[in-house]
Amino acid sequence: MSDEKHLEKHTVKELREMAHSITGIEGISTMKKAELISAINAARDIPLIPVREKSAQSISDIKKSIKILKQEMVNLYKGSNKIMAGQIRKKIGKLKKKTRKMAGQLS
């Protein structure tokens, strides 16, 4: 894992030089950075790091959970539990930011 992070810091030119020094890698001049990193790792017998899949939540699902959290927050304010209400307010803010980011990616 540290080798792959180490390789990420190198430029494409440096990665190409590394790949030329390793025998068995072909088509180096046309490879992109990600391809060079995976080819170097494969030549060094370093396993690839699996990419963690994110849960596919839609904007409408997030907005529904925001609505539920808002109601919870109101109930906590009425019950004089302002600390928990503040924590829920922060969660709502993070979820709103997430929906704005998702909407920006769609357009």
I'd like to know which of ALA39, GLY24, THR11 lies farthest towards the positive end of the charge dipole of the stretch 2-43, counting +1 on Cβ of Lys and Arg and -1 on Cβ of Asp and Glu. THR11
For the stretch 59-106, give the magnitude of the charge dipole about the Cα centre (Cβ charges: +1 Lys/Arg, -1 Asp/Glu; no others), in debye to the nearest 20. 200
XL table LYS9/LYS101; LYS63/LYS90; LYS64/LYS91; Cα-Cα > 20 Å flagged, in table order, is LYS9/LYS101
From the backbone phi of the stretch 60-65, what are the Karplus-calculated ³J(HN,Hα) couplings (6.51 cos²θ - 1.76 cosθ + 1.60, θ = phi - 60°) in whole Hz, Gly and Pro given as x? 5, 5, 5, 5, 5, 5
Under the Karplus relation with 6.51, -1.76 and 1.60 and θ = phi - 60°, whole-Hz ³J(HN,Hα) for the stretch 78-88, x at Gly and Pro, equal 5, x, 6, 9, 6, 5, 5, 5, x, 5, 5
With N set to the number of residues, divide the alpha-carbon radius of gyration of the stretch 59-106 by 2.2 N^0.38 Å and report two decimals. 1.25
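Only the coordinates and a few stated rules stand behind these numbers; no lab work does. What you see is a predicted model; the values in this text were computed from it and never measured. Every residue, glycine among them, receives a Cβ derived from its backbone with ideal geometry; neighbour counts consider all protein chains shown.
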